Structures are given as structure tokens and as C-alpha cells.
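See structure below.
The values are calculated or read from the model by the stated rules, or taken from the named source; none is laboratory data. As the structure is a computational prediction, the values presented were derived from the model and not from experiment. Cβ placement follows ideal geometry from the backbone for every residue including glycine, while neighbour counts extend to all protein chains displayed. Calculation scope for accessible area: heavy atoms of the full protein, side chains included, ligands and nucleic acids excluded. Shrake-Rupley method; radii C 1.70, N 1.55, O 1.52, S 1.80 Å.
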Amino acid sequence: MIKVSGLANRIITNIMKNSATSNSVLFHVLIALLPLSIFIPSTSGGRAAITLPVVKELAPFIQDDKHKQVLAMFVPTIILMTTSATLIGAGSHLIGVEILEKTTGETITYLNWLIWGGVPFAIFISFVSYLAVRLLWMRGKSTPSTFHNKETFYFYKK
């Protein structure tokens with residue numbers, strides 16, 4: 001279904017157009033995954049299913065094997081870090097709101113969750129994760145990607 005809808009190919013094309021190095025691949029993957037956390041709050045069923053073809057298709061274009069491994073680790077990390085973006089991103093959020101409501105009589109609406117902490121925290125922790133991955137595993141070792149190969153790019157543009 002994901003291949004039929006073309007969403008994965010649009011994400012890949014966007015990442016390929018804007019990435020010249022392996023570090024920029026990570027950054028653009030992060031930027032692509034952030035909005036998905038709001039529109040597809042389910043971690044395993046939704047976002048993981050969409051990003052699996054993206055990672056599989058991007059990996060052959062990264063020259064360094066270590067950077068391929070980092071990409072494979074980075075995507076699930078960002079998916080999990082952005083779970084906090086929405087109230088329905090994890091069952092524990094709903095349980096917490098229910099406990100809050102039973103103990104204080106106050107509740108948190110979906111919109112309040114997004115504005116007060118979900119989205120700002122998800123953006124913040126995603127960038128912290130991105131910086132941690134770059135500092136710990138890719139210290140200044142950004143290798144050129146082969147994304148700007150015309151034949152490869154036009155394959156995804158269709």
C-alpha cells in the first residue's frame with residue numbers, strides 16, 4: 001500500500017534532492033519524519049511501515065557501511081523520540097491523562113498536548129538525538145552520497 005500510494009518514493013526523492021553528504025541524509029530523514037509523527041502517531045504500525053522502504057532504498061546510495069548502519073539505527077530512534085508529539089502516540093500518554101483526570105479532575109485535550117509539550121518536546125529531543133548520533137558515530141566523517149547521479153534521481157522522480 002505504501003508503494004502504491006507513492007509516499008515512500010516522495011520521501012526518498014525529497015531526501016535525495018537535498019542531500020549531498022551522509023550527514024545531510026540524516027538531517028533530511030529527521031525533517032521528513034517529524035511531520036509524520038503528527039499525522040501517523042502509531043510508531044510500529046504506521047511510521048515504521050512507511051520508513052522501512054525509505055531506509056532500504058536509501059542505503060545503497062550511502063557509500064560507507066558504518067553510515068548505513070547509523071541510518072538503520074537513526075530512523076527507529078527518531079520514530080521513538082517523536083512518539084511524545086501526540087496524545088495517542090503511546091498508550092502510556094492516555095493512561096497518564098486518565099490518572100491526571102481521576103486525581104485532579106483536570107484533563108488535557110489533544111490540542112493542548114500538541115501545543116504545550118508534545119510537538120516542542122518531540123522537535124527538541126529529535127534534534128538532540130540527531131546531534132548525539134553525529135557526535136558519537138559520525139564525528140566529522142561525512143562522506144559524499146551518490147544521490148546526484150542523474151539516472152538514479154530520475155528513477156525516483158517518476
Mean accessible surface per residue for the stretch 75-129, computed with a 1.4 Å probe while every protein chain stays in place, in Å²: 57 Å²
Set of aspartates and glutamates near LYS17 by C-alpha distance (under 19 Å), chain-local residues within fewer than 8 positions excluded: GLU57, GLU151
Isotropically averaged projected area of the stretch 1-129, using the convex hull of Cα atoms (one quarter of hull area), nm²: 8.3 nm²
Sites GLU101 and PHE39 - FRET efficiency at Förster radius 25 Å, r taken between beta-carbons, to 0.05: 0.45
